[in-house]
Amino acid sequence: MLKIAVVILNWNGESLLEKFLPSVTEFSKEADIYVADNASTDGSIAFLQNKYPEIGVILNSSNGGYAKGYNDALPHIDADIYCLLNSDVEVTKDWLTPIIKEFKDNPSASIVQPKILDYKNKAYFEYAGAAGGFIDKFGYPFCRGRIFNELETDNGQYNDIKEIFWATGACLFIKKEVFQELNGFDEDYFAHQEEIDLCWRAKNKGHKVYYVGASEVYHLGGSTLNSMNPKKTFLNFRNSLYSLIKNLPARKIFPIVLLRLVLDGLAGLNFIFQGSFNHFWAILRAHFSFYKNFRTMYKKREKAYFTGNYYSIKSIVWAYYINHVKIFNNLVKD
């Protein structure tokens with residue numbers, strides 16, 4: 001039997017724990033459940049001690065964000081498979097069964113994600129992960145079931161098992177030995193897109209990432225930073241550039257990053273036209289931070305690189321804004 005640990009990262013999320021823990025405890029009998037607390041100052045710990053004494057609690061010394069929070073907590077947990085679960089996720093009956101089966105039946109599966117549906121509108125896929133993640137040639141992420149802010153209705157079109165490029169950090173299963181081999185998340189990301197970097201580094205080492213559509217969870221999303229928060233814009237744009245520097249083959253870094261910076265500039269102009277000056281400034285700050293930390297990120301590069309095409313299409317920006325493709329299955333693969 002595989003030993004599964006469901007690990008929920010928490011920071012001042014007492015209300016989320018109260019709302020979403022009942023489904024996790026009810027439908028996760030095959031797993032041990034832990035809450036990794038990032039130095040909360042609300043009543044989270046007292047709530048857990050009073051209402052859920054059976055749940056393991058790991059007290060991190062500081063709020064180092066998603067990346068450091070899990071890096072600090074997971075070494076204290078004995079398991080074959082870690083499930084990194086956001087505190088705003090409602091799980092469903094038998095959600096673990098198809099995931100466990102995939103790990104048992106497919107030895108090449110190192111990282112797995114379930115189907116991510118929208119807690120607020122359960123007929124739709126949810127932004128953070130949907131039916132599995134991909135990136136384009138310039139590092140922009142998108143998903144089966146979600147291109148930019150366009151969300152598809154779940155009509156069973158992704159009820160499959162499929163190799164993907166990245167798995168969502170909202171609900172990510174990873175083998176313990178793989179997490180250790182990768183030295184965990186890159187803590188310089190703080191939050192957002194560290195899971196893309198983790199999966200890319202895993203693929204560079206020959207591991208595979210899968211989506212299992214028979215397992216479903218519902219994600220509230222935006223509980224820490226919503227999509228309208230300029231800090232989220234800053235982290236997404238900067239961290240995506242970090243991933244390019246760290247993971248691209250050397251000969252591709254400069255031409256791709258230069259074109260990417262131009263595309264980011266166009267995105268910034270679009271924010272200006274929309275009157276979203278805070279988001280334009282966030283992109284500008286992301287670029288300055290990227291320049292400042294370029295050398296540090298470059299030194300983190302590994303020796304082995306993913307031999308196949310890391311991207312599924314050349315430009316999701318072109319496909320979406322010029323060709324008006326809003327559905328993943330309508331994308332023309334390059």
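The values are calculated or read from the model by the stated rules, or taken from the named source; none is laboratory data. Model, not experiment: these values are computed from the prediction. Don't worry about glycine lacking a Cβ; one is built from the backbone with ideal geometry, like all the others, and counts go over all protein chains shown.
Does the range 96-107 contain at least one residue that is in contact with a helix residue (DSSP H, G or I) (Cβ under 9 Å, 6 or more places away or on another chain) and touching a residue at least 12 places away in the same chain (Cβ under 8 Å)?
Yes, there is a match, as at least one residue in the range 96-107 is in contact with a helix residue (DSSP H, G or I) (Cβ under 9 Å, 6 or more places away or on another chain) and touching a residue at least 12 places away in the same chain (Cβ under 8 Å).
So, in the range 288-310, how many residues would count as being surrounded by 14 or more Cβ atoms within 10 Å (Cβ to Cβ) and touching a helix residue (DSSP H, G or I) at 6+ places or on another chain (Cβ under 6 Å)?
7
In the same structural domain as E26 (by TED's automatic domain parsing), buried (at least 24 other Cβ atoms within 10 Å of the Cβ) and touching a residue at least 24 places away in the same chain (Cβ under 8 Å), is that true of F148?
No: the conditions fail for F148.
Out of the residues in the range 162-199 meeting the condition of being buried (at least 23 other Cβ atoms within 10 Å of the Cβ) and polar (S, T, N, Q), tell me which one is modelled with the lowest pLDDT.
It comes out as Q193.
Would it be correct to say that Y82 is touching a Lys or Arg at 6+ places or on another chain (Cβ under 8 Å), within 15 Å of L172 (Cα to Cα) and not charged (D, E, K, R)?
Yes; evaluated as a whole, the condition is true for this residue.
Does the range 299-334 hold any residues that are more than 22 Å from the chain's Cα centre (by Cα) and modelled with pLDDT under 90, and which are they?
K303, A304, T307, V332, K333, D334
For (1) touching a Gly at 6+ places or on another chain (Cβ under 8 Å); (2) of a type outside the set (V, I, T); (3) surrounded by fewer than 14 Cβ atoms within 10 Å (Cβ to Cβ), each residue gets a yes or a no:
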position: F254; (1), (2), (3): no, yes, yes
position: R260; (1), (2), (3): yes, yes, no
position: L269; (1), (2), (3): no, yes, yes
position: F273; (1), (2), (3): no, yes, yes
position: A286; (1), (2), (3): no, yes, no
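Answer with yes or no whether D42 is under 21 Å from G184 (Cα atoms) and charged (D, E, K, R).
No, not satisfied.
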